[in-house]
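Accompanying notes for the structure given below.
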Amino acid sequence: MSLIVKPRLVKLTTRTEVDIKRSFPQPALRRIGAWVFLDHFGPTEQVDGMVVANHPHTGLQTVTWPFAGEVEHRDSVGSVQVLRPGELNLMTAGRGISHSEISQVGPKSLHATQLWVALPDANRNVEPFFEHHDELPVVSFGESSAKVFIGSLGSAVSPATVFSPLVGAELQVSGEFSLPLNPSFEHGILVVAGEVTVNGQTVGVDDLIYLEVGEKAVVSGAGTAILLGGEPFDEHIVMWWNFIGRSHAEIVAWREAWNAQGADWPSFEDKVGGWIPAPEMPNVTLNPRR
């Protein structure tokens with residue numbers, strides 16, 4: 001029987017009145033391929049909305065996938081982009097980028113997933129860049145469908161840049177169908193709305209079912225889910241705050257550089273104002289882990 005992973009609740013001051021449900025990393029599941037972070041928030045009525053001031057990232061890609069609401073993204077490479085449901089914002093941090101996000105006035109509901117992809121060691125210091133994709137391929141399975149925002153699934157191939165073999169797709173489930181999973185990938189399916197069954201197991205809203213390499217997936221029901229997959233990512237990494245590196249010393253250096261607000265982190269103007277300082281380091285040495 002496949003593993004059902006329940007999220008842990010995280011409260012962030014940057015998303016007022018919004019409970020964050022974090023599927024991984026946590027002890028039950030550290031990663032799926034190079035996917036190393038998955039937050040699901042909403043659906044919720046916006047009170048003060050989502051306001052995330054300027055903050056940094058290194059060594060990863062951020063993937064923002066909304067179901068409801070609109071969010072404006074601004075970053076230190078000059079990008080300004082409003083993100084709407086069914087569209088993809090993909091930010092490759094590489095050697096270092098900073099950005100801010102603010103939800104837009106208008107839509108009353110806010111509902112999205114935020115994901116991180118660890119960059120392989122060979123690519124983790126690339127120059128930072130940003131992509132927005134509003135036309136993404138869809139593959140149908142009878143009455144059900146998958147919109148592929150990362151990698152490929154069946155005949156659908158996303159135009160988004162990736163650095164390791166991955167898949168990410170939004171599933172609209174209506175009836176029963178078999179997903180054409182890559183047999184060399186491990187996978188996870190997160191249910192975000194409705195009633196969905198995978199391989200005969202009922203997966204509750206906010207829960208994720210983990211499928212080992214080679215496992216198949218027969219999906220049924222009526223709802224919305226996110227499919228994630230990738231070849232097992234065997235590199236050891238250090239992930240702390242918004243940084244992914246390979247050693248404790250790297251994390252310390254990035255933290256100090258960010259808090260000094262020097263030339264390593266170009267400034268930009270936004271509607272949020274200010275920046276988020278990095279917290280104090282833990283009183284332990286951060287060791288790389290798989």
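Summary of computed values
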| item | result |
| --- | --- |
| Subset of LYS6/LYS271; LYS147/LYS271; LYS147/LYS216; LYS6/LYS147 violating a 26 Å alpha-carbon distance limit | LYS6/LYS271; LYS147/LYS271 |
| Dipole axis of the chain (+1 Lys, Arg; -1 Asp, Glu on Cβ), positive-most option in LEU83, PHE41, PRO66 | PHE41 |
| Sum of side-chain charges, VAL205 neighbourhood, beta-carbon under 12 Å (Lys, Arg +1; Asp, Glu -1) | -1 |
| Listed residues GLY142, SER155, VAL218: farthest to the positive end of the dipole of the range 135-223 (Cβ charges) | SER155 |
| Surrounding net charge for ARG290, when Lys and Arg each add one and Asp and Glu each subtract one, Cβ distance under 10 Å | +1 |
| Residue-wise HN-Hα coupling along the range 156-169, computed from phi with Karplus coefficients 6.51, -1.76, 1.60 (Hz; x: Gly, Pro) | 8, 10, 6, x, 5, 6, 10, 10, 8, x, 9, 9, x, 8 |
| For the range 127-143, Karplus couplings with θ = phi - 60° (6.51, -1.76, 1.60), whole Hz, Gly/Pro x | 5, x, 7, 10, 10, 10, 10, 10, 10, 10, x, 10, 10, 9, 10, x, 7 |
| Whole-angstrom gap from the range 263-290 to the range 225-255, using each part's C-alpha centre | 14 |
| Net charge of Cβ neighbours under 14 Å - reference GLY221; Lys, Arg +1; Asp, Glu -1 | -4 |
| Ranked packing of 71-79, 123-131, most packed first, by mean Cβ within 10 Å | 71-79, 123-131 |
| Estimated 222 nm signal from helices in the chain, with DSSP H stretches of n ≥ 4 weighted -39500 (n - 2.57), rounded to 500 | -1500 deg cm²/dmol |
| Angle in degrees between helix 248-260 and the longest Cα principal axis of the chain, rounded to the nearest 10 | 60 |
| Under the Karplus curve 6.51 cos²θ - 1.76 cosθ + 1.60, θ = phi - 60°, whole-Hz ³J(HN,Hα) for the range 196-203, x wherever Gly or Pro sits | 10, 10, 10, 6, x, 9, 6, 10 |
| Amide H within-cut-off set for ASP19, under 5 Å, with H built and near neighbours excluded | GLY42 |
| Net charge dipole size for the chain [Lys, Arg +1 and Asp, Glu -1 on Cβ; Debye, nearest 20] | 560 |
| Mean Cβ neighbour count within 10 Å, used as a protection proxy, ranking 197-205, 35-43, 54-62 highest first | 54-62, 35-43, 197-205 |
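No value in this document is a laboratory result; all are computed from the given coordinates. What you are looking at is a predicted structure, and each value in this text was computed from that prediction instead of being measured. Glycine gets a Cβ as well: all are built from the backbone with ideal geometry, and neighbour counts include every protein chain shown.
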